[in-house]
1. From the list S329, S315, exactly one residue is in the same structural domain as T241 (by TED's automatic domain parsing), closer than 17 Å to H66 by Cα and among the hydroxyl-bearing types (S, T, Y). Which is it?
2. For Y98, all conditions in the list (1) over 30 Å from M1 (Cα atoms); (2) of a type in the set (F, W, Y); (3) touching a Gly at 6+ places or on another chain (Cβ under 8 Å) hold save one; what is the number of the exception?
3. So S365 ticks every box in (1) of a type in the set (S, T, Y); (2) assigned by TED's automatic domain parsing to the domain that holds I28; (3) surrounded by 21 or more Cβ atoms within 10 Å (Cβ to Cβ) but one. Which box is left unticked?
4. Could you identify the single residue in R228, R233 that is in contact (Cβ under 8 Å) with a residue 60 or more places away in the chain and among the basic types (K, R)?
5. Just to be sure before I move on: is A411 of a type in the set (A, V, I, L, M) and surrounded by fewer than 23 Cβ atoms within 10 Å (Cβ to Cβ) in the structure I sent?
6. For segment 1-41, what are the residues that are in a loop (DSSP other than H, G, I, E, B) and either surrounded by 12 or more Cβ atoms within 10 Å (Cβ to Cβ) or touching a residue at least 40 places away in the same chain (Cβ under 8 Å) (or both)?
7. Among the listed residues Q288, Q191, which satisfies the condition of being without any contact (Cβ under 8 Å) to a residue 40 or more places away in the chain, more than 21 Å from K312 (Cα to Cα) and not hydroxyl-bearing (S, T, Y)?
8. Please go through (1) at pLDDT below 95; (2) under 23 Å from L313 (Cβ atoms); (3) among the small types (G, A, S) for S239 and return the number of the only condition it doesn't satisfy.
Amino acid sequence: MSTILIQQASAVLTGNDLTAGALTNIDILIQDDKIAQMGQIASGPDMTIIDGRGSVVYPGFVNTHHHLFQSMLKGVPEGLNVPLFEWLQAVPYRYGPYFDEETIEVSATIGMVELLLSGCTTVADHHYLYGQGVHFDPSEILFHVAEKLGMRFVLLRGGATVSRTFATSERLPMPTESMDEFLSSITQTTQKYHDPGPAAFRKVVLAPSTPFYSCTPSELKLMAQEARHLGIRLHTHLSETVNYVDYARDVFNDYPVHWCAKHDWIGPDVSFAHMVHLNDAEIALCGQTKTAIAHCPQSNGRLGSGIAPLLKLMSAGATVGIGVDGAASNEAADMISELHAAWLIHRSIHGAGSLSVETLVQCASANGAKILGLDQVGVLKPGMQADLVMYQIDHPRYLGNHDPATAIITAGGAPQIQHAFVAGKEVVRDGVIPGLDLERLVAQSNAILKKLKKHY
């Protein structure tokens, strides 16, 4: 049995906002993959002792919406100062068709490394490069990278049966699949990788790119039926911009959330990314049905999409998680930056007392785990999985801070990670990921960047 004792952590946020603040000078005992005890604990033989003085402990963050392949598409000049529709054409739809196996593996590695070094231990990746012209299995690559780094990985298996009209004679179309191909692949991927357990390292979610532009209405309803038959969850983008609302009103004479509900896309097994433009009735429906939202404030700000009604959604009873979205519309994969941005943005609208760090940490840990069906992850308490991160607070950024427990979020910036654990296994030590050849990753990234630029 592996036994680790963290002694006298200066502060601990458990991920459960009901605790209403931090625990102080706490010992945490980890046995194998679980937290065994918290409190004042005597050391014993065969224990690995970690000095927690001067450190703050949070649950490992759960990132509920990402596009890892976009890690090689940061800062594309043509996409820096345009809104979503133009950005899609200039960046992911422009370069996506050129992504081969190596490019996806390196992109995923970069993204997951960034996440780990920002305190994130679980990632849900919305990958949608499947179909004609893709002569390999992207899912296999993504699961493999996560396994190497020791992260929990949820594949939001995207894709489209309908092609959007971005292709030209000079631009390759994004891959699409027939409905039969999509459902067959989802079934095979689920059978191969999906673990339904509450402490799983691998899960699969059915996740067409969008409900309006990536499939037909009848296909959307069939997707929901098939997902529930397979015992997996549902995810897609929704109401990221006002264009979603306009489309639903013009084409279906309905609002996006209500239209999705009529096609069986509603409930606690459904999560929508963004949800920026909602009316009160849509918010109420999400709350009544416990439908979940992956809130991506930095990407929404970067693309000028707007600000999601986070506080209304939470007040209505919807489950709100945090997602960094793709680095092509964020330029990073950093959960600390995401939470810092959320903390500032919503307070600027609703007032200084409207959103606490404790609530945001809960959104990024316990809520995120709940959204993904990981009910033994996301909260620091005995019996739960030992996914936790120790942050050092001796950096000048934190000096003089009267509340170390919240300083990691309120001060922002790159955190100083002393240790990070996933299921009791160390995945980061003193800011370094064991076994990661960073020099090789830099060389691979530079070579791929050069190759991608040759296409235009």
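The values are calculated or read from the model by the stated rules, or taken from the named source; none is laboratory data. Given the structure is predicted, the values throughout are model-derived calculations rather than measurements. Every residue, glycine among them, receives a Cβ derived from its backbone with ideal geometry; neighbour counts consider all protein chains shown.
1. Values: S315 fails: closer than 17 Å to H66 by Cα.
Step by step, each of S329, S315 is checked, and only S329 is in the same structural domain as T241 (by TED's automatic domain parsing), closer than 17 Å to H66 by Cα and among the hydroxyl-bearing types (S, T, Y).
2. All conditions pass for Y98, except number (3).
3. So the condition that S365 fails would be (2).
4. Working: R228 fails: in contact (Cβ under 8 Å) with a residue 60 or more places away in the chain.
Result: R233 is the single residue among R228, R233 that is in contact (Cβ under 8 Å) with a residue 60 or more places away in the chain and among the basic types (K, R).
5. Numbers: of a type in the set (A, V, I, L, M): yes; surrounded by fewer than 23 Cβ atoms within 10 Å (Cβ to Cβ): yes.
For A411, the condition - of a type in the set (A, V, I, L, M) and surrounded by fewer than 23 Cβ atoms within 10 Å (Cβ to Cβ) - is met.
6. So in segment 1-41, the residues in a loop (DSSP other than H, G, I, E, B) come out as 1-2, 13-16, 20-22, 32-33, 40-41.
Once the filter is applied, which keeps residues that are in a loop (DSSP other than H, G, I, E, B) and either surrounded by 12 or more Cβ atoms within 10 Å (Cβ to Cβ) or touching a residue at least 40 places away in the same chain (Cβ under 8 Å) (or both), segment 1-41 yields S2, L13, T14, G15, N16, A20, G21, A22, D32, D33, I41.
7. Details: Q288 fails: more than 21 Å from K312 (Cα to Cα).
Testing whether each residue is without any contact (Cβ under 8 Å) to a residue 40 or more places away in the chain, more than 21 Å from K312 (Cα to Cα) and not hydroxyl-bearing (S, T, Y) leaves just Q191.
8. For S239, the exception is condition (1).
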